[in-house]
Every structure is written in C-alpha cells, then in structure tokens.
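Some notes on the structure that comes next.
The values are calculated or read from the model by the stated rules, or taken from the named source; none is laboratory data. Treat the numbers as computed from the prediction; the structure is a model and nothing was measured. Heads up, the Cβs are rebuilt from the backbone with ideal geometry, glycines too, and the neighbour counts pull from every protein chain shown. Only protein heavy atoms, including side chains, enter the accessible area calculation; ligands, DNA and RNA are left aside. Shrake-Rupley method; radii C 1.70, N 1.55, O 1.52, S 1.80 Å.
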Amino acid sequence: LQAQEDYAAARDAFERARELGHTRALSALGTLEARAASIAGGAADIAAPDEALALWLEGVDRGDPYAYHSLGRQLLRFGESDGEKRYGFELLTRALELGHTFSMNELGYHFLREDTPDHEPRRGLRYLNESAARGDIYGFHNLGLVYDQGLGGVEPDAEEARRWYAAAAEGGHPHAPINLGRMYFQG
C-alpha cells in the first residue's frame, strides 16, 4: 500500500499491526509520518515531525533496531543539542551492532565527513565495507562514492568506483545509474 502511494490505507494497516503488538509497525508509522512531512515540504531530507519521533521512540523502547536507526539518524542530523546528537549517535551504534546495514552506511559516511568531531576515516570505511559484504546496495553505492571522490584518504579509482556503482545499480539503487552515467559522460 505504501509503495502504491495509498498512504491512508498503509497507515490503517500499520495501525492495525501496531494494535496487534507488531513492534516494527511503530517504525513504519514513524517513517510514514516523516515521508508525509517530506512530501508536503518538498524536500527529501528534513527534520521529522514530532509524531514520527514519538513513534520511533516507542519502537526504541521496545528494542526495534529499525526504530534505533530512524530516530538515531534524525537526532544525529537534526538534533538541537549536543546531547540529542550524541543520543542519536548511540542509537545508530546500537543498530549497527545488531547488524543493521542502514546504520552501517549512515555511520560509515558520518565518520568519513571531515566536518564532524567523529572524523575517523578507517572506521567509516570499515562500516561501509561491512555493509557491502552483506550485499547492501547502499553500501555498494557508498563505496562507489568513496572511490569516485577519494573519500577517507582513499586514492580515487574510476574503475573501482564504476564497479561499485554498477553493482549498486544492478541491485536497484536509485542514484547509482546517475553516477554511472556521469562517469561515462566525463570519460
């Protein structure tokens, strides 16, 4: 229902799952709220509304790694205080420790950023490689970015970047084909 953009029916189905005690439904409802705000605001990466944060927090209280990831990502990116950002980092770390590849990618890229106090390129590259080793197309794409842009002290390598982007595109990553096309266009 969500993939068909029937958000009202999707919300009803997730609410029913929540009533039946399905913990992951909380994360799904929070994500649905965040997407609705994103669509209304016309931007893909904005702070989630309080409703989404509350649903994710309830999922965190129930031990759901997807909720750890979603709330952690929001707080790390959009937290209003150092304490909120640190809590977001801790939630992402918990999800990563449970094998959640979304968090491996989020923290991997976070550690590659030079404008963060957590800049640790080796750690970031390790997390991205762990995600890719699990067959995650976002891990593939992020490694394409690493080799394409020379992130984390890695020497740029167009062939290695192409290989990672191609693997991501083959798996259905939405931006990998664009990056492949850009590379071909640039020679």
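Calculated FRET efficiency, E90 and Y184, Cβ-Cβ r, R0 35 Å, to nearest 0.05? Working from the Cβ atoms, E equals 0.25.
Annotation: per residue accessible area for the chain equals 55 Å², rounded to a whole number [probe 1.4 Å, protein chains only]. Rg ratio for the chain: its Cα radius of gyration over 2.2 N^0.38 Å, N being its residue count, equals 1.09.
Calculate the dipole size of the range 33-147 relative to its Cα centre from +1 charges on Lys and Arg beta carbons and -1 charges on Asp and Glu beta carbons; express the result in debye to the nearest 20. Numbers along the way, then the final one.
Working: 12 positive and 19 negative charges, 90 e Å.
Around 440 debye, computed over the range 33-147.
What the Cβ-Cβ distance of L1 and F78 gives, at R0 = 25 Å and to the nearest 0.05, is a FRET efficiency of 0.35. P(r) tail for the range 96-187, what percent of Cα pairs lie past 22 Å? So the portion of pairs separated by more than 22 Å is 22 percent. Under the simplified labelling scheme, the L20-L57 pair shows an inter-label distance of 2.8 nm, with each label point 7 Å from Cα along Cα→Cβ. Over the residues of the chain, the helix contribution to mean residue ellipticity at 222 nm works out to -23000 deg cm²/dmol, using -39500 (n - 2.57) for each DSSP H run of at least 4.
Using a probe radius of 1.4 angstrom, the carbon and sulfur fraction of the accessible surface of the chain is 50%. So what's the net charge close to A37: Lys and Arg +1, Asp and Glu -1, counting the other residues with Cβ under 13 Å from its Cβ? It works out to a net charge of -3. For the range 111-187 versus the range 47-105, the inter-centroid distance based on Cα atoms is 23 Å.
When the Cα positions of A95, A9, Y184 are compared along the charge dipole of the chain, Y184 comes out farthest toward the positive end, with charges on each C-beta of Lys, Arg, Asp and Glu.
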